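Reviewing the structure listed below.
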Amino acid sequence: MYTIGIDLGGTNIEAGLVDKTGHIEARCACQTAPERGARAVIQDMIALAHAMLGAAAEKGIFVSAIGVGTPGVVDKTGTTVTFANNLGWQGVNVAEPMRNALGLPVVLENDATAACIAEWRLGALRGEQEALFITLGTGVGGCFLVGGRPYTGAFGAAGEVGHMVVDRQGPLCSCGRHGCWEMLASAPALARMGRQSAAANETSLLHVLSGGDPARIDGAVISRAAAQGDEAAQAVWARYIDALVLGLENLNMLLNPTAICLAGGVTRAGAQLLEPLQNRFERERVYTELPMPRLCLTALPKDTGILGAAMVGQR
Ligand SMILES: [Zn+2]
């Protein structure tokens, strides 16, 4: 069985023709440019899907459905984006115009939920019933797997873990509150802490590894400097782990999962992220009488968006 997975991001739209094992047979992409408005973006998604249907026809492949992963909140029917701040969308029915143009079922899902479904079907959460999936990217997203299914709440907005306040005195978030978890645990938050540290430490390796340009200090630069023994970078990394553990432990208490899977750009640090996280988590968790949840990193670091969207189409 093949589906078309469309990953709608704030910057790019990527589409792939995907089989049920996660093999991507063909792919294409274009820029999102959300300022053009929803209609133009949907037209581009239709064009990408047409290109994938063309590739499928050439290979004699039957396509059963189209799945779309989108930022923001998706309604419970899987047709409409209730709101997506980074696209500037409110109440946009995406499925109907796509279905009318393409003649195939179209199912929408929040992108973090879609990635969680892919992780559960193909990756690090296979076989799990109660699990937590967290993305550490531009923001911090999440999905709760309950009884082997994503829990999306009454109106599709569950799992917005990034806006859980962990420090009332923390930085102002786009949602209007201070100290949201994503202001401390997202990739931009890590970069911000790195820039602040570099400004206060003239001899830090952060300067050398970013070529002297503070704007180029990101998670990769910080983890490299920390691995090379730079104290300023190690302190940033420790603060980042601290913020991450705080939120994860809150969610662990709330959900009591058997596994917690982390995905997103920051997880490229690999063991440098996972090992201190496991140690801190083990030390600080409250219910020590219970088994420790399995902390792991995504097994699908590439093409998670396309795979997630395609798996949404296969449900
Ligand atoms: Zn917030």
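The values are calculated or read from the model by the stated rules, or taken from the named source; none is laboratory data. Predicted model only: the values in this text are computed from it and were never measured. Here the Cβ is made from the backbone with ideal geometry for all residues, glycine too, and neighbour counts use every protein chain on show. Just the protein is used for accessible areas: all its heavy atoms, side chains included, with ligands, DNA and RNA removed. Shrake-Rupley method; radii C 1.70, N 1.55, O 1.52, S 1.80 Å.
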- Inside region 119-148, can you point out the residues that are under 18 Å from Ala310 (Cα atoms), of a type in the set (A, V, I, L, M, F, W, C) and surrounded by fewer than 23 Cβ atoms within 10 Å (Cβ to Cβ)? Leu122, Ala124
- Please specify each residue of region 143-176 satisfying the condition of being more than 10 Å from the ligand (Cβ to nearest atom), in a loop (DSSP other than H, G, I, E, B), under 18 Å from the mean Cα position of the chain (by Cα) and hydrophobic (A, V, I, L, M, F, W, C). Ala157, Ala158
- Pairs under 6 Å by beta carbon, first residue touching a residue at least 12 places away in the same chain (Cβ under 8 Å) and within 17 Å of Pro276 (Cα to Cα) in region 218-230, partner in a helix (DSSP H, G or I) and open to solvent by less than 10 Å² (accessible area, probe 1.4 Å), six or more apart or different chains? Gly219/Leu190; Ile222/Gly194; Ile222/Ala233; Ile222/Val236; Ala225/Leu206; Ala225/Ala233; Ala226/Ala233
- Query: Considering only strands (runs of 3 or more DSSP E) fully contained in region 9-91, which possess at least 3 residues that are touching a helix residue (DSSP H, G or I) at 6+ places or on another chain (Cβ under 7 Å) and among the small types (Gly, Ala, Ser)?
  - Reply: 63-70
- Among the residues of region 177-213, the number that are among the acidic types (Asp, Glu) and within 16 Å of the ligand (Cβ to nearest atom) is 1
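Restricting region 231-251 to residues that are of a type in the set (Gly, Ala, Ser) and surrounded by fewer than 19 Cβ atoms within 10 Å (Cβ to Cβ), which is farthest from Leu262 (Cα to Cα)? Steps first, please.
Taking region 231-251 as the starting set, the residues that turn out to be of a type in the set (Gly, Ala, Ser) are 232-233, 235, 238, 243, 247.
Pick out the ones that are also surrounded by fewer than 19 Cβ atoms within 10 Å (Cβ to Cβ) and you get 235, 238.
Details: Ala235: 22, Ala238: 17 Å.
The extreme case among them is Ala235.
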- Item | Check on Arg239, under 25 Å from the mean Cα position of the chain (by Cα) and either more than 21 Å from Glu275 (Cβ to Cβ) or within 12 Å of the ligand (Cβ to nearest atom) (or both) | no
- Query: From the list Gly69, Gly5, which residue is modelled with pLDDT of 95 or more, closer than 27 Å to Gly176 by Cβ, surrounded by 22 or more Cβ atoms within 10 Å (Cβ to Cβ) and in contact with a strand residue (DSSP E or B) (Cβ under 8 Å, 6 or more places away or on another chain)?
  - Reply: Gly69
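Report yes if some residue within region 45-63 is without any contact (Cβ under 8 Å) to a residue 40 or more places away in the chain, within 28 Å of Leu136 (Cβ to Cβ) and surrounded by 20 or more Cβ atoms within 10 Å (Cβ to Cβ); otherwise report no.
Let us first name the residues in region 45-63 that are without any contact (Cβ under 8 Å) to a residue 40 or more places away in the chain, namely 47, 51, 54-55, 57-60.
Filter once more, keeping what is within 28 Å of Leu136 (Cβ to Cβ): none.
No.
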- From the list Leu145, Leu132, which residue is closer than 24 Å to Met183 by Cβ and modelled with pLDDT of 95 or more? Leu132
- Query: With respect to the numbered conditions (1) closer than 30 Å to Val161 by Cα; (2) at pLDDT 95 or above; (3) in contact with a helix residue (DSSP H, G or I) (Cβ under 7 Å, 6 or more places away or on another chain); (4) surrounded by fewer than 23 Cβ atoms within 10 Å (Cβ to Cβ), which one is the sole condition not fulfilled by Gly179?
  - Reply: (3)
- Item | Number of the condition not met by Arg283 [criteria: (1) open to solvent by 20 Å² or more (accessible area, probe 1.4 Å); (2) in contact (Cβ under 8 Å) with a residue 40 or more places away in the chain] | (2)
- Task: Kindly indicate whether Gln278 is without any contact (Cβ under 8 Å) to a residue 40 or more places away in the chain and in contact with a strand residue (DSSP E or B) (Cβ under 6 Å, 6 or more places away or on another chain).
- Result: yes
